[in-house]
Structure formats: C-alpha cells, structure tokens
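Since the structure comes first, as structure tokens, the remarks are kept for the end.
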Amino acid sequence: MRIIVVGAGIIGLTTAYYLSREGHSVTVVDSGEGAGQRTSKANGAQLSYSFVSPLADPGILPKLPSWLLDRNSPLSFRLKADVEQWRWLFAFLKVCRASKAQRTTAELLQLGMYSRELIHQLVHEERPSFHFESSGKLLVYQDVKSFAAAQAQMVYQASLGCSQTLLTPRECLEREPALEAIGGTIAGGIFTPTEDAGDCLQLCGELERIMRSGPNPVTFLYRTTVDGLRSEGGRIVGLRTSQGDITADGYVIANGIGAQRLARQVGINPYVYPLKGYSLTYDLEPDSQAPRTSVSDLRNKVVYARLGNRLRVAGMVDIGDTTASIAPHRITSLRQNVRAFLPHLNPAGEPEAWAGLRPARPDGKPIIGATRFRNLWLNVGHGALGFTLAAGSAGLLADQIAGRPARIPASVFGLQGAGGELSSSESRANARRSAA
C-alpha cells in the first residue's frame with residue numbers, strides 16, 4: 001500500500017520506519033527543512049519509559065494558584081480568548097482525578113515498556129548514532145512531603161511491573177557524584193535502571209538515513225506544507241499541499257501540534273494543544289562536574305541528560321504561548337535552576353537555548369489508530385513523552401494497519417472514547433472546506 005505520513009518529527013519518522021519495514025511504499029511530508037527540526041530538535045533527551053504519570057493529576061491542583069502567579073514557576077499560564085484553549089483546559093480539569101491518573105499511568109507504562117523493547121531492538125539492528133546510553137534515571141527529591149508521595153507512586157508502579165529502587169541521600173550521591181554540592185538538601189531519591197537517554201534530533205537524522213538507503217526506500221518531501229485533506233465517500237482521496245495535490249492509498253497524521261488543524265478539517269478533534277517547553281544544551285569541559293546518569297530535579301521539574309560531551313537541561317510548561325519564540329525570563333529561570341542544582345558544572349561557555357511546542361492532550365494519552373475514514377490513521381498527542389513513546393506508538397500503529405493483534409488493544413489509545421468527534425454541524429462545515 002502507498003502511505004503518506006504527515007510529519008517528520010520523531011513520531012512521524014518512527015511511523016514511517018515501521019510501515020516501510022512492513023513493505024509499504026511510504027512518503028513522508030513535512031513543511032520544515034529536514035528531519036526533527038521542531039519539537040524533536042532539542043527536547044529533554046530522556047527516554048523515561050517508567051516516568052509517565054500524566055500532568056492531569058489531582059496532586060497538581062493545590063499547586064496551581066501559586067504556580068500561575070509566579071512567572072518563574074515550572075508551569076505558567078496565559079489566558080487567551082481562544083476556544084481551543086478553553087476547551088482543552090476544561091477537559092484537563094475534568095480528568096484531574098486520582099482514579100483516572102492511575103489508569104492512564106498504567107496504560108502509558110504498557111506503551112513505555114513496549115517502546116523500550118522496540119528502541120533496544122532498533123539500536124541492536126540498525127546501529128544508529130545518537131548518543132544512546134542505558135544509564136538509568138535518578139529522581140531527586142529535596143522535599144520530604146514530595147518524597148513520601150513519590151514512594152506511594154513507586155509502590156503503585158511496582159504493582160504494574162516497574163522496577164525502581166528507593167535511595168537515601170548518601171546513596172543518591174554514590175549513584176551520581178555530580179550532586180555532591182547539594183547533598184545536604186536531598187531528602188531521598190528513586191532510581192530506575194531501565195531508563196535510557198539519547199539525542200532525539202540525531203535519531204531523526206539517522207532514521208531518515210536508514211530509510212533512504214534501505215531495501216524499500218522511503219521518499220521525503222520537505223518544504224511541503226499540507227493545507228488540507230480531501231475526503232470522499234468515507235475515504236481520504238488526497239492532500240492539498242503547497243506543492244500541489246498528492247495522493248496515496250492511506251494517510252497517517254503524525255505532525256505534532258499541526259495535527260489539530262488537519263484533523264478538524266475532516267470532522268475529528270484530537271484535542272491536541274501546544275504546551276511550550278524550554279531546554280539548554282551545555283558543551284562540557286574535561287573537568288565539568290556534569291551528571292552521567294539522567295537526573296530529574298523534582299522540586300523545579302527540570303531534567304538533565306548527558307549526551308556525550310554535552311548536557312541537555314529541559315523544563316517548564318507554558319500554557320497559552322503558542323509560538324516557538326524563546327521567552328528570555330524563562331531561559332533565565334532555567335539557568336538559575338542549573339546553577340543552584342549543579343553549582344560546579346563548569347561548562348564550556350554559554351548554553352544554547354531552545355523552545356518547542358509539545359503536542360499535548362488533556363489526559364496525557366496519545367491517540368494511536370484508526371478514524372472513521374477507512375484509510376486515515378492518527379499518531380498524535382504525545383506531549384512531553386514523544387521521544388519516549390515514539391517507537392511503541394509506531395509499532396502499535398503498524399500492527400493495526402496490518403490487521404494483526406497488537407501488543408496493546410487498539411481501544412486503549414484509540415480515537416473512540418477520546419472525545420474526538422466534532423459536532424455534526426462542525427463536521428459538515430469542515431467537510432465542505434476539505435472538499436473545496
């Protein structure tokens with residue numbers, strides 16, 4: 001089957017990779033200049049298969065007032081006269097329930113473990129170069145109350161097969177000596193040995209290289225904006241693009257925040273909304289005291305990942321700022337967090353700053369699978385977990401398209417029940433625009 005995948009980020013590229021392995025003739029279409037140039041470019045670099053608890057957790061609600069009033073808090077909010085924002089926020093608050101958060105965590109853990117299996121298989125078979133390291137992940141707590149709550153979550157995840165170890169402050173320093181300067185403030189830690197790290201942008205480039213040179217080469221159309229989908233008789237019959245109409249037998253929408261606009265044109269609302277995040281990338285000196293293990297500073301919601309002789313630092317969630325521009329005060333705040341957490345980092349010069357838009361759904365679960373159109377599939381809404389869940393999501397979708405039993409039932413991450421259908425009047429109006 002000829003399949004067009006819309007999107008050349010890590011989700012679109014892994015989708016194309018697994019579909020091409022199935023023997024499909026795949027074309028990847030993206031408006032950018034190359035692979036992984038937007039949200040995949042400089043993300044947190046952690047493959048956190050076990051750290052998948054959704055943002056929509058009741059524990060976040062008491063913190064919201066103080067966070068929303070502090071421009072330097074981990075989460076900031078800009079209220080806009082935007083129907084999409086309000087719809088997303090109401091849906092987010094609706095799912096902030098303990099039972100829902102636990103169920104979502106269990107489902108995302110299944111997908112995370114499957115993704116880990118596929119990533120390790122890909123690394124073994126294809127040997128991509130992207131600073132891949134299986135060094136585990138250390139969660140560092142500097143607040144006794146938060147540490148106690150984390151232990152309860154650890155017990156729950158252990159019941160789901162997640163292997164984690166509770167560490168004393170001294171054991172945290174033995175695991176990661178770069179934290180010695182803040183040793184007196186550490187309440188405890190949780191170490192997860194199954195976690196990995198890598199450079200997502202480099203993996204995107206490697207996947208493109210692999211797919212171009214394989215026995216079933218994939219075609220890449222860059223600098224090609226998809227303006228809409230043409231539907232007819234329950235099928236998608238083509239894409240309207242900046243380079244003219246293009247057609248295939250099947251279509252996959254996997255283009256991050258752009259998926260919302262495309263899907264709505266044909267009567268589907270995946271509830272994808274951009275949440276801005278930031279990162280810093282430091283070049284390191286031989287004597288830099290940088291972590292070797294991936295580390296998460298839970299007080300400030302900042303993650304640290306080693307990429308060879310670089311250190312990636314990422315954090316922040318901005319709701320309501322839908323541009324990829326860099327807010328200077330957010331970068332200043334992130335740098336202050338680094339100086340406080342790693343005072344003896346001693347990097348080689350100033351870090352490279354970056355901002356990206358995470359395609360988030362209210363409940364934290366991506367949509368992976370079929371739509372009411374017989375030849376249209378979605379792989380969207382992974383939020384901050386796109387790098388982590390990409391391989392597993394693509395594997396599940398390939399199974400569904402092939403008609404095979406998938407590792408996880410299609411209903412778990414399917415569009416049905418995810419609030420993804422527009423009203424009949426919206427659907428008819430968008431269908432007329434799509435057909436035009």
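Per residue, the Cα convex hull of region 138-237 amounts to 265 Å³.
Accessible surface of the chain, 1.4 Å probe: 52 percent of it comes from carbon and sulfur atoms. Taking a straight line from the alpha carbon of residue 80, these lysines sit under 22 Å away, with near neighbours fewer than eight places off in the same chain left out: 63, 94, 276.
Within the assembled protein chains, the solvent-accessible surface assigned to residue 222 is about 30 Å², based on a 1.4 Å probe. Summing +1 for each Lys or Arg and -1 for each Asp or Glu among the other residues whose beta-carbon sits under 10 angstrom from that of residue 134 gives -2. Normalised by the number of residues in region 280-319, the mean separation of alpha-carbon contacts (under 8 Å, six or more apart) gives a relative contact order of 41 percent. Heavy-atom accessible surface of the chain, averaged per residue, reaches 41 Å², computed with a 1.4 Å probe. Straight-distance candidates among the lysines for linking to residue 100, with alpha-carbon spacing under 17 Å and chain neighbours fewer than 8 residues away dropped: 365. Counted as membrane-span-like here are DSSP H helices of the chain whose alpha-carbon atoms extend 18 Å or more along the helix's own axis and whose Kyte-Doolittle mean is -0.5 or above; these are 98-126, 144-158, 200-213, 386-402. Rolling a 1.4 Å probe over the protein chains gives residue 70 an accessible area of about 70 Å². Taken over the C-alpha atoms, region 65-187 has Rg and Dmax values of 19.1, 50 angstrom. When shorter helices are ignored and each DSSP H run of at least 4 residues is given -39500 (n - 2.57), the per-residue value for the chain at 222 nm works out to -10500 deg cm²/dmol. Net charge near residue 412, counting Lys/Arg +1 and Asp/Glu -1 over other residues with Cβ under 9 Å of its Cβ? With Lys, Arg at +1 and Asp, Glu at -1, the neighbours total 0. Of the residues 125, 107, ranked by 1.4 Å probe accessible area with the largest first, the sequence reads 125, 107. Taking 18 Å as the straight-line reach from the Cα of residue 137, the lysines in range (excluding those fewer than 8 positions away in the same chain) are 301.
Ligands, DNA and RNA excluded, the heavy atoms of residue 240 present near 60 Å² of accessible surface to a 1.4 Å solvent probe.
The values are calculated or read from the model by the stated rules, or taken from the named source; none is laboratory data. Remember, it's a predicted structure, so these values are computed and weren't measured experimentally. Cβ sites come from the backbone with ideal geometry, for glycine too, and all protein chains shown count toward neighbours. For the accessible areas, the whole protein counts, side chains as well, though only heavy atoms, and no ligand, DNA or RNA atoms are used. Shrake-Rupley method; radii C 1.70, N 1.55, O 1.52, S 1.80 Å.
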